[in-house]
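Okay, structure first, notes after.
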Amino acid sequence: MADAGRRQETPLLRDRARYLFDRTLARSTGALLGWLALGCLTLVVPVSALLVWTDPQAPPSVAGRLTAVWRTSAETLRLSGVTGAPLRMLLAAVLGLIALLCVSTVVGVITTGLGDRLAELRRGRSIVLEQGHTVVLGWSEQVFTVVAELFAARSGRGRHVVTVLAERDSADMHTELTTRLGIADTSRLVCRTGAPTDPEALALVHPGAARSVLILPCDDADAGVIRTLLALRALLGSRPGPRLVAAVRDSRHVHAARLAAGPRSTVLEADRTAARLLVQSARRPGLPAALRDLLDFSGAEFHTLEVPGPADRPYEELALSFEDACVVGILRADGTPDLTPPPDTVLGPGDRLVTVAHDDHPGPATDCRGHIDATALAPAVERADGPGRTLVLGWNRRAPFVVELLRRTSRPGSVLDVVTDPETDASEAAAHLSRSDDSGCLRVSHRTGDPTCFETLRALGPSRYDNVIVLRDENPPAPARPDDKTLLTLLMLKAHEEETGRRLHVVAELHDHRARLLAPLGATSDVVVRGELTALLMAQISHTPALAAVFEEIFTARGGALALRPAADYVRPGLEASFATVTAAALARGQAAIGYRSNDPCADSVPPRIRLCPGQSERRVWTAQDELLVLTPGPGTTTTDEADPLPLPLTRHPHQNDVPAAELEHG
């Protein structure tokens, strides 16, 4: 201890030298230059002397060798190698140092300017001078789906630029998007840093010259979306501007967002759309995969087509006029859709056909009625669903919409059991579920428990239910991720399946689409990724604005609904028949056939994908296990589907129908 004290009282020579050196550097730039010069001379002069003294051709005299050392050192330090009188050599050295200082200053100025410019570019503050580009405002998990679909929609159609503006580093956004999406032509993606609610930041992406602008929903509140819409209005002024597609989460803000957006706009309600998809998926297994296939740009999707030949022909004849397209309805000249109309409906001037096809320009029109096998048509059978039992695990912002949908669309005698976390969601869930149900069709019960505990699930008996809905935890404790609790719950449900030997129909809500690959799902289970359907709809509408009215009819109560129906309801099992036969059978029931799924009852894996838009002449042997994807009519026609009287999850501006359909189609 005494030795240690003496070392602390008497610093070492090395410590004193380091302290002196640090204090000298801290004085001024001149001191730093002095130390730099001393260090250079300490290294250069001895090495130069060593080179001269080891050179066989060096001068024999000491003076000559010293002169050679001076010249070698001067050349190394970029000084003049003038020899002669000491004063002359000193002046030459001073001139060399001045020249070195001037050159270093110029290099420093250039380097600093380039560095500042690169930093400015990295901050993403330069103006985007593009025409007809697509602007995406905001950053959320949906941005990856939206950008990927925009690139897929415009592939092979020339150079189309997608610009993203968000409050993140532009280089980080560009790297994350290109890496995660595998974008090859990175020049088609431009990222800028700025607040979408700031008109000055919006001016960087040149929205006035854009083809369309998409405003992504905010995770925390809808106020940011509405402020962005108001900022766009302040920037564009009275100019027509691009078409706007926005999404809000709360139904109370739809009207405000629509007013802020103005004409030529579409506002989607994300939470209610997701809740509707959860309920539909619970009742119709396989529907999420079918919707993803229909709404992305990688396969068949919705299109509008000019009516081939004379326009005043009945819909029944036009529905079987394309080999490679499935006709699902009519888009009137004023932009109003008429999906699954009666077969004798006559089209008028300016009307267009709504189709599902792999290309927006299918082959030439042809009469496919010759492929119909009348002997294979099955008699029409009215099917009515009985009461159902539903188990909901978890509670979040979309849970009230799910409960309301089940209350309004369930058959008499149906049961809904809700299990929530006792610490976080119990009070909110109890308050909402305590409301009376005027219809009396659904008996609702609420209990608390941890669905990630196997004993809790075993006590619930999930196999007693027709379907199980697992809602995502929106406020996970750190450092847990949003989907961790959902994945644990799915594991417990999978364990229950293995213990009981009975398959469960589970619909799970996830935050990240990458977690879909990790989800332990059975053959009859589905995954709904939060916001994925909204992102796909936004991309579709921005690419073809006329489809906004079509999607409004499909995803709201006023229009039809997609459903998977037994193929035996349309064609006789065990017989070979063409898809045109299926189309004719669906048409006779006031429906539109879009595709089919061939089910193997012995398969234990995930169900096969739905084959969308097969050729009308394609023939196959239909079995009792096969299912058809059909678009059913809306309320007011003969159907077994219940209407959903909830407010519209997809809302267009009231003046949008004033725009001609042809203009909407081409944007």
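The values are calculated or read from the model by the stated rules, or taken from the named source; none is laboratory data. These numbers come from a predicted model, not from an experiment. Cβ sites come from the backbone with ideal geometry, for glycine too, and all protein chains shown count toward neighbours.
Can you pull out the residues in segment 232-258 that are assigned to a helix (DSSP H, G or I) and either not assigned by TED's automatic domain parsing to the domain that holds His160 or not aliphatic (A, V, I, L, M) (or both)?
Within segment 232-258, Arg233, Ser251, Arg252, His253, His255, Arg258 qualify.
Hey, any hits in segment 545-554 for a residue that's surrounded by fewer than 24 Cβ atoms within 10 Å (Cβ to Cβ) and either free of Cβ contacts under 8 Å to residues at least 24 places away in the same chain or not in a helix (DSSP H, G or I) (or both)?
There is no residue in segment 545-554 that is surrounded by fewer than 24 Cβ atoms within 10 Å (Cβ to Cβ) and either free of Cβ contacts under 8 Å to residues at least 24 places away in the same chain or not in a helix (DSSP H, G or I) (or both).
So which of Thr193, Thr186 is in contact with an Asp or Glu (Cβ under 9 Å, 6 or more places away or on another chain), hydroxyl-bearing (Ser, Thr, Tyr), farther than 25 Å from Gly335 by Cβ and assigned by TED's automatic domain parsing to the domain that holds His160?
It is Thr193.
Name the residues in segment 488-520 that are within 25 Å of the chain's Cα centre (by Cα), surrounded by fewer than 18 Cβ atoms within 10 Å (Cβ to Cβ) and not in a helix (DSSP H, G or I), would you?
If the condition is that a residue be within 25 Å of the chain's Cα centre (by Cα), surrounded by fewer than 18 Cβ atoms within 10 Å (Cβ to Cβ) and not in a helix (DSSP H, G or I), then Asp512, Leu518, Pro520 are the ones that fit.
Conditions tested, residue by residue: (1) closer than 22 Å to Pro341 by Cβ; (2) in a loop (DSSP other than H, G, I, E, B); (3) in contact with a Pro (Cβ under 8 Å, 6 or more places away or on another chain).
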site: Leu353; (1), (2), (3): yes, no, no
site: Asp359; (1), (2), (3): no, yes, no
site: Pro362; (1), (2), (3): yes, yes, no
site: Ala365; (1), (2), (3): yes, yes, yes
site: Gly370; (1), (2), (3): no, no, no
site: Glu382; (1), (2), (3): yes, yes, no
site: Gly386; (1), (2), (3): no, yes, no
site: Arg397; (1), (2), (3): no, yes, no
site: Phe401; (1), (2), (3): no, no, no
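Report, by residue number, each residue of segment 261-288 that is of a type in the set (Gly, Ala, Ser), under 27 Å from Pro387 (Cβ atoms) and assigned to a helix (DSSP H, G or I).
Filtering segment 261-288 down to residues of a type in the set (Gly, Ala, Ser) leaves 261-262, 265, 270, 274-275, 281-282, 286.
Remaining after also requiring under 27 Å from Pro387 (Cβ atoms): 274-275, 281-282, 286.
Ala274, Ala275, Ser281, Ala282, listed by residue number.
When the residues of segment 303-352 are narrowed to those that are within 30 Å of Ala539 (Cα to Cα) and of a type in the set (Val, Ile, Thr), which ends up surrounded by the fewest Cβ atoms within 10 Å (Cβ to Cβ)?
Step by step, filter segment 303-352, then rank; the result is Thr336.
When you check Asp417 against the structure, is it within 29 Å of Arg249 (Cβ to Cβ), among the charged types (D, E, K, R) and modelled with pLDDT of 90 or more, yes or no?
On the way: within 29 Å of Arg249 (Cβ to Cβ): yes; among the charged types (D, E, K, R): yes; modelled with pLDDT of 90 or more: yes.
Considered against the rule, which asks whether it is within 29 Å of Arg249 (Cβ to Cβ), among the charged types (D, E, K, R) and modelled with pLDDT of 90 or more, Asp417 comes out as yes.
Just checking, how many residues over segment 255-293 are among the acidic types (Asp, Glu) and under 26 Å from Arg411 (Cβ atoms)?
Counting residues in segment 255-293 that are among the acidic types (Asp, Glu) and under 26 Å from Arg411 (Cβ atoms) gives 1.
Take the conditions modelled with pLDDT under 85, outside any helix (DSSP H, G or I) and under 31 Å from the mean Cα position of the chain (by Cα) and apply them to Glu428. Does it pass?
No.
Starting from residues that are of a type in the set (D, E, K, R) and without any contact (Cβ under 8 Å) to a residue 60 or more places away in the chain, keep the ones in segment 201-234 and report whichever is nearest to Val267 (Cα to Cα).
Asp222
Is one or more of the residues making up segment 439-453 outside any loop (DSSP other than H, G, I, E, B), within 18 Å of Leu510 (Cα to Cα) and either hydroxyl-bearing (Ser, Thr, Tyr) or modelled with pLDDT of 90 or more (or both)?
Of all residues in segment 439-453, those outside any loop (DSSP other than H, G, I, E, B) come to 442-448.
Then drop every residue that is not within 18 Å of Leu510 (Cα to Cα), which leaves none.
For segment 439-453, residues outside any loop (DSSP other than H, G, I, E, B), within 18 Å of Leu510 (Cα to Cα) and either hydroxyl-bearing (Ser, Thr, Tyr) or modelled with pLDDT of 90 or more (or both): absent.
Since Met538 meets every condition but one in (1) at pLDDT 85 or above; (2) under 30 Å from His511 (Cα atoms); (3) surrounded by fewer than 22 Cβ atoms within 10 Å (Cβ to Cβ), which condition does it not meet?
Of everything listed in (1) at pLDDT 85 or above; (2) under 30 Å from His511 (Cα atoms); (3) surrounded by fewer than 22 Cβ atoms within 10 Å (Cβ to Cβ), Met538 misses just condition (3).
List the number of the failed condition for Pro308; all other conditions in (1) modelled with pLDDT of 85 or more; (2) of a type outside the set (A, V, I, L, M, F, W, C); (3) farther than 19 Å from Leu629 by Cα hold.
(1)
Can you confirm whether Val403 is in contact (Cβ under 8 Å) with a residue 24 or more places away in the chain, farther than 26 Å from Asp222 by Cα, buried (at least 19 other Cβ atoms within 10 Å of the Cβ) and not assigned by TED's automatic domain parsing to the domain that holds Arg252?
no
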